[in-house]
Amino acid sequence: MRRLLVLVLSALLVPTGVAAADVQVVGGERASIAANPWAVHLTDARGAQFCGGTLVAPAKVLTAAHCVQGRSPRNLRVVAGREDKLDRESGIVATPVDIWLHPQFIAADQGEDLAVLTLGEALPYSPLPFAEAADGPLYEPGTQLRALGWGRTSENGRTSRFLMQATLPVLPDDYCVRTYPHFVKADMFCAGYEGGKVDTCQGDSGGPIVAGGKLVGVTSWGEGCARKGKPGVYVRVSRYAKDLHPVVNPAPAEVVDP
Ligand code: ARG
């Protein structure tokens with residue numbers, strides 16, 4: 001009798017509508033680091049992961065300003081070439097030597113949510129080029145983008161041990177403005193599904209959303225995760241190409257004639 005009661009109770013308690021074992025990024029799937037060698041994650045000096053990033057040059061990582069604002073480079077680590085956060089034998093852990101924050105950055109939902117970390121050495125992984133002014137078509141509504149990260153796999157859940165990915169279509173700017181009245185069209189775009197269910201989440205910030213072999217956006221903000229009518233918001237990277245070029249590809253120091 002007692003056993004029967006336990007059975008009935010546990011059946012009632014199984015959460016409905018949540019695929020407990022298989023929900024990733026939120027609603028995504030595993031991705032390999034071999035296929036996405038430019039995907040990196042950021043940790044504190046103790047190894048706790050809190051954001052993502054993208055290798056955009058051999059010694060430059062593009063991430064979100066809100067990920068690194070107020071942190072000093074020596075308390076930050078860039079982990080590259082590592083798909084499984086717990087696999088301490090794989091990849092490379094690098095400490096940045098410098099942090100560039102976009103000079104106009106105030107808060108993620110006001111735009112300019114970009115930072116570039118300079119590493120002391122070039123990493124042996126292929127960088128991903130970022131979108132330029134001429135890449136407007138990548139931002140057309142309906143373009144299928146792929147977001148990657150080690151962030152939470154549900155709104156209040158834990159971050160992921162493995163690199164995850166999800167396909168998210170670009171949504172029309174008007175939709176983003178309606179759902180987020182302070183959304184800044186020129187600086188941001190939103191991507192996902194009107195019904196929610198698939199999205200980036202906390203811990204994915206700073207990480208890549210890509211298409212056509214280019215970094216199209218940087219994960220920035222959203223209300224909750226994977227909520228209906230509340231898509232993720234990403235930095236419109238092409239708009240910042242001219243700010244990024246001098247930081248990512250600085251002109252070689254001038255040789256002064258003696
Ligand atoms: N701000 C979050 C972070 O720091 C990312 C939020 C993305 N939210 C979303 N619903 N897509 O990791």
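Please treat every number below as a calculation from the coordinates, not as lab data. Worth saying up front: this structure is predicted, and the values here are computed from it rather than measured. Virtual Cβ from ideal backbone geometry, glycine too; neighbours counted across all protein chains shown.
Quick notes on this structure:
Let's see how each residue does on (1) in contact with a His (Cβ under 9 Å, 6 or more places away or on another chain); (2) surrounded by fewer than 21 Cβ atoms within 10 Å (Cβ to Cβ); (3) touching a residue at least 60 places away in the same chain (Cβ under 8 Å); (4) more than 23 Å from Tyr240 (Cβ to Cβ):
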site	(1), (2), (3), (4)
Asp87	no, yes, no, yes
Ser90	no, yes, no, yes
Val97	no, yes, no, no
Gln110	yes, yes, yes, no
Asp113	yes, no, yes, no
Trp150	yes, no, yes, yes
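- Candidate set from region 219-237 (those that are more than 10 Å from the ligand (Cβ to nearest atom) and in contact (Cβ under 8 Å) with a residue 60 or more places away in the chain); member that is surrounded by the fewest Cβ atoms within 10 Å (Cβ to Cβ): Arg236
- Here Val198 clears all of (1) closer than 20 Å to Arg158 by Cβ; (2) touching a Ser or Thr at 6+ places or on another chain (Cβ under 9 Å); (3) surrounded by fewer than 18 Cβ atoms within 10 Å (Cβ to Cβ) except the condition numbered (3).
Yes or no, residue by residue, for (1) under 20 Å from Thr219 (Cβ atoms); (2) more than 16 Å from the ligand (Cβ to nearest atom):
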site: Trp38; (1), (2): yes, yes
site: Gln49; (1), (2): yes, no
site: Val56; (1), (2): yes, yes
site: Cys67; (1), (2): yes, no
site: Gly70; (1), (2): yes, no
site: Ala80; (1), (2): yes, yes
site: Asp98; (1), (2): no, yes
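- Just one residue in the set Val170, Val248 is among the hydrophobic types (A, V, I, L, M, F, W, C), in contact with a helix residue (DSSP H, G or I) (Cβ under 8 Å, 6 or more places away or on another chain) and closer than 26 Å to Ile106 by Cα; that residue is Val170.
- Residue-level analysis places Arg178 outside the set of residues that are more than 14 Å from the ligand (Cβ to nearest atom), closer than 24 Å to Val61 by Cβ and of a type in the set (Lys, Arg).
- Within region 39-157, strands (runs of 3 or more DSSP E) holding 2 or more residues that are over 13 Å from the mean Cα position of the chain (by Cα): 39-44, 49-57, 76-80, 92-94, 96-101, 115-119
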